[in-house]
Amino acid sequence: MIGRYGTDELYTFLLYLYVILLCADILIHHWLLSILVVLEFTLLFYRVFSKNKKRRRRENEIYLKIREKLLSPFSSWKRQWKDRDTLIYKKCHHCKTTLRIPLPIKRGIKHVTCPKCKRRLTVLCLRKVKVEIFSKDGKRKK
Ligand SMILES: [Zn+2]
């Protein structure tokens, strides 16, 4: 493998695609799928054993840029789901900045200032911080 390109993120994606195509070919038995499986397999090995590292790196960069663009909306959803117990995410109407507002103790209307355009926003908070009250002996009060 000295002087060869090896594996990268695009290789991993193509490998998963190859496995999916192979399974589909086994189930469906269509000539077009069989050709795609052979082409995919050839492409996989061509990229791994290629000596033109500069071109393979460029292909991988293009793949990473496309993946980033396609998956970027989902990454913010993932972050919002993770912070759902502590934060509210609200978009500013004027500058489209996403604000991270801590959950209030009481439900209701809250006024916040956008850090980018300095305008005041009114946010309706329907959720609140979960506060658990414990008695002196450590038991949870109801
Ligand atoms: Zn703003």
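The values are calculated or read from the model by the stated rules, or taken from the named source; none is laboratory data. On a predicted model such as this, the values are computed, not experimentally measured, just so you know. When the accessible area is computed, the model is the full protein with side chains, heavy atoms only, and any ligands, DNA or RNA have been set aside. Shrake-Rupley method; radii C 1.70, N 1.55, O 1.52, S 1.80 Å.
Per-residue ellipticity at 222 nm, computed for the chain from helices alone with -39500 (n - 2.57) per DSSP H run of at least four residues, works out to -17000 deg cm²/dmol. In this structure Phe49 has an accessible area near 90 Å², from a 1.4 Å probe over the protein heavy atoms. Relative to the longest principal axis of the Cα atoms of the chain, helix 31-48 runs at roughly 90 degrees.
For the Cα atoms of the chain, what angle does the longest principal axis make with the long axis of helix 9-28, in degrees from 0 to 90, nearest 10? The answer is roughly 70 degrees. Computed from phi, the 3J(HN,Hα) profile of region 52-61 under the Karplus parametrisation 6.51, -1.76, 1.60 (θ = phi - 60°) reads 7, 5, 4, 5, 5, 5, 5, 4, 5, 4 Hz, with x in place of Gly and Pro.
Looking at the square roots a ≥ b ≥ c of the eigenvalues of the Cα gyration tensor of region 27-142, which shape do they give, rounded for a/c under 1.5, prolate if a/b is larger than b/c, or oblate?
Judged from the Cα gyration tensor, region 27-142 comes out prolate (a/c at least 1.5, a/b above b/c).
Relative to the globular-protein estimate of 2.2 N^0.38 Å, the Cα radius of gyration of region 84-135 stands at 1.28. In whole percent, what relative contact order does the chain give with Cα contacts below 8 Å and a gap of six or more residues? It comes to 16 percent, rounded to a whole number.
Separation of region 95-142 and region 39-75 by C-alpha centroid, Å? Cα centroid of region 95-142 versus Cα centroid of region 39-75: 43 Å apart.
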